[in-house]
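Read-outs throughout are calculated quantities, based only on the coordinates presented, and are distinct from any laboratory measurement. Here the structure is a predicted model, which is why all the values come from computation and not from measurement. Here the Cβ positions follow ideal geometry from the backbone for every residue, glycine too, while neighbour counts run over all protein chains shown.
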């Protein structure tokens, strides 16, 4: 589906930044125009990872073009493959000790999650931490990663989730410094 994407123009020293207005807080970057489609698709996939909400329909470009937040850049209609935003779930049959299953269910319930959602989130987090250890650190920013942050409030009293991933050199030059202290 075609979505309007705003491109913050880069130069020889800065990447092109992209913002997807229909997905608030979703942004990415690419060093050249050829890299933008893949960066946009990846940003959309990360934005909807673990979420249950449906992607909204695209806002007509003419409604966004006059918005003062989008100046000095360019608009692009980007093809976003919605089928990749929420991959089909696969049914698994696993065996766990009964006491562990009870603890998982209690934790998931207290966080307004299903057992499956909790196990998927725990597995993703374990793999992410393993990747950071391979890089020789427990925190991604210490491994030379720039951090792009997306805040999700899944329900009242839920913690804020922070996601970091590699962006490449200079990807957030125009963003204010992020304070990730105390967030894991």
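Values for this structure:
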{"item": "Range of Cα positions in the stretch 11-51 per principal axis (Å), largest first", "result": "36, 16, 13"}
{"item": "Relative compactness, the stretch 89-134, computed as alpha-carbon Rg over 2.2 N^0.38 Å", "result": "1.28"}
{"item": "By average C-beta atoms within 10 angstrom, highest first, the peptides 16-22, 51-57", "result": "16-22, 51-57"}
{"item": "Pairwise label distance in nanometres, residue 51 with residue 110, each label 7 Å out on the Cα-Cβ vector", "result": "2.7 nm"}
{"item": "Label-point gap, in nm, between residue 63 and residue 14 - each point 7 angstrom along Cα→Cβ", "result": "2.9 nm"}
{"item": "Extension gain from residue 96 to residue 123, taking 0.36 nm per residue of separation minus the Cα-Cα distance", "result": "8.3 nm"}
